[in-house]
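The values are calculated or read from the model by the stated rules, or taken from the named source; none is laboratory data. What you see is a predicted model, and the numbers here were worked out from it, not measured in a lab. Using ideal geometry, Cβ is built from the backbone for each residue, glycine included, and neighbour counts are taken over all protein chains shown.
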Amino acid sequence: MKLILIIADGIGDVPIREFNYLTPLEHGTFPHLDRLAREGICAMMHPLRRGLPAGSDTAHIAILGQDPLKTYRGRGYLEALGVGIEPTSGAIGFRVNFGTVEDGIVTDRRAGRSPRHLDELSREVRETVDIGVPFSFRAATGTRAALVLEDEGLSPEVSDGDPHHTGVYPLAIEPLDGSDAARRTASLLNSFVSQAHEVLRDHRLNAKRIEAGDLPANFLLVRGAGVRPAVPTFQEQFGASAACIAATALIRGVARCFGFDLIDVPEITGEYDTNAQAKAEATIDALKSYDFVFTHFKPTDTASHDGDPVKKEAMIEKLDAMIATIISSIPDPHDTVIALTGDHSSPCVVKDHSGEGVPFVMWGGRVRTDDVARFDERSCAKGGLGHIFAEDIVYLMMNQANKVKKFGA
Ligand SMILES: [Zn+2]
């Protein structure tokens, strides 16, 4: 039995006035999502607990079968893993933004969102900065980057240097507890940030950015300290081989913690222009070598954060076309299970994650069916699986493949 998990990030929504008080899923026409609902079994899925808005990181840990309340240790390590840094298991990871500082004041937290020359500037920082302990620093998508400190006696219990708004000074990084490790980590980070500023401030590549009409990327805003979550791999848990197809660094990082191989598809971007057909083909291709393939679709969440329901509906159409290709390419529906849901709801009117449940469907294999014929919020709430939690998902799927060990005798 082959298992495909598709997560459409932030797909759940709430009634929208310009859609006559329907959600994007209820308003649009998505024949292939509806086919999964009609032929499969549906549910309302709650990522962590009912009403609790989940981050994409904690939601994905739960979706992959582990309790984030017990295992989650911050976002920075996951982000670093996702951009291809290979931290040791004791390392501390941080999220970083290239920002713009003028006269000491943060004027733009994302350096005008232009990634021009950031790879080269990251290399300059790596080669020039010396804080006395090994570190990795790498540019990621957009103006994001990731930093990893590798040493004994470090702690993730430090505050952010990123003030999270503009018009103020960057913050000095402070220890959050009284430990020597937290004090030492804060001091190393402050040294890293100030040395990096020296490197970036008058760098010729920043002069080139300004010439090209971009803002200078002259300051590193550090936040989101994290260490590796203590989760078992899919091989250890279920004896299953697993692969992930995702563009978003955070999701790639979570998948790697669970022992997934990452499959790189150049045309997938995680943005509105992502090539969903390439993603569908990569999913089908990966099924030849892996028991479990997890395919992540990001732009539904981006449209939600942009507060644009028309765009969100267009992105769900793109998802629907991706599902069409996957369904038509699988060799045998009785030997393949597709589960589709989101990691959380992201209502366009909220422009952020919310605590409402997310439609869920499981199709193929030997699944029981129900009377639900549409994949949307009001229909899936009447689904045969009722209300489920994210941690149930891999069990429901692995059970189809007889890969869940019996509990008891
Ligand atoms: Zn998400």
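Of all residues in segment 210-225, which are outside any loop (DSSP other than H, G, I, E, B) and crowded, with 23+ Cβ neighbours inside 10 Å? Walk me through how you get there before you give the answer.
Within segment 210-225, the subset outside any loop (DSSP other than H, G, I, E, B) is 210-211, 219-225.
Result: Phe219, Leu220, Leu221, Val222, Ala225.
Would you confirm whether any residue within segment 122-133 is assigned by TED's automatic domain parsing to the domain that holds Tyr169, within 17 Å of Val199 (Cα to Cα) and part of a strand (DSSP E or B)?
No.
In segment 164-197, what residues are touching a helix residue (DSSP H, G or I) at 6+ places or on another chain (Cβ under 8 Å), surrounded by 14 or more Cβ atoms within 10 Å (Cβ to Cβ) and within 13 Å of Gly104 (Cα to Cα)?
Listed by number, the list holds a single entry, Pro170.
Say we look at segment 284-304 and pick out the residues that are in contact with a Gly (Cβ under 6 Å, 6 or more places away or on another chain) and charged (D, E, K, R); which of these is nearest to the ligand (Cβ to nearest atom)? Write out each step before concluding.
From segment 284-304, those in contact with a Gly (Cβ under 6 Å, 6 or more places away or on another chain) are 298, 300-301, 304; that's our starting set.
Now narrow it down to the ones that are charged (D, E, K, R): 298, 301.
Details: Lys298: 8, Asp301: 5 Å.
Looking at the filtered set, the residue picked out is Asp301.
So which residues in segment 337-360 are more than 10 Å from the ligand (Cβ to nearest atom), closer than 16 Å to Ile316 by Cβ and among the hydroxyl-bearing types (Ser, Thr, Tyr), if there are any at all?
Within segment 337-360, Thr341 is the sole residue that qualifies.
So in segment 323-351, with the set limited to residues that are in contact (Cβ under 8 Å) with a residue 60 or more places away in the chain and assigned to a helix (DSSP H, G or I), which one is surrounded by the fewest Cβ atoms within 10 Å (Cβ to Cβ)?
So, considering only residues that are in contact (Cβ under 8 Å) with a residue 60 or more places away in the chain and assigned to a helix (DSSP H, G or I), the one surrounded by the fewest Cβ atoms within 10 Å (Cβ to Cβ) is Asp335.
Residues are listed down the side, and each one gets a yes or a no for (1) within 19 Å of His353 (Cβ to Cβ); (2) aromatic (Phe, Trp, Tyr); (3) surrounded by fewer than 20 Cβ atoms within 10 Å (Cβ to Cβ); (4) under 20 Å from the mean Cα position of the chain (by Cα):
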{"residue": "Gln66", "(1), (2), (3), (4)": "no, no, no, yes"}
{"residue": "Gly74", "(1), (2), (3), (4)": "yes, no, no, yes"}
{"residue": "Val106", "(1), (2), (3), (4)": "no, no, no, no"}
{"residue": "Gly112", "(1), (2), (3), (4)": "no, no, yes, no"}
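Give me a count of the residues in segment 259-296 that are assigned to a helix (DSSP H, G or I), charged (D, E, K, R) and under 18 Å from the mean Cα position of the chain (by Cα).
Number of matching residues: 1.
Suppose we filter Leu147, Leu154 for residues that are in a strand (DSSP E or B) and of a type in the set (A, V, I, L, M); which single one remains?
The unique qualifying residue is Leu147.
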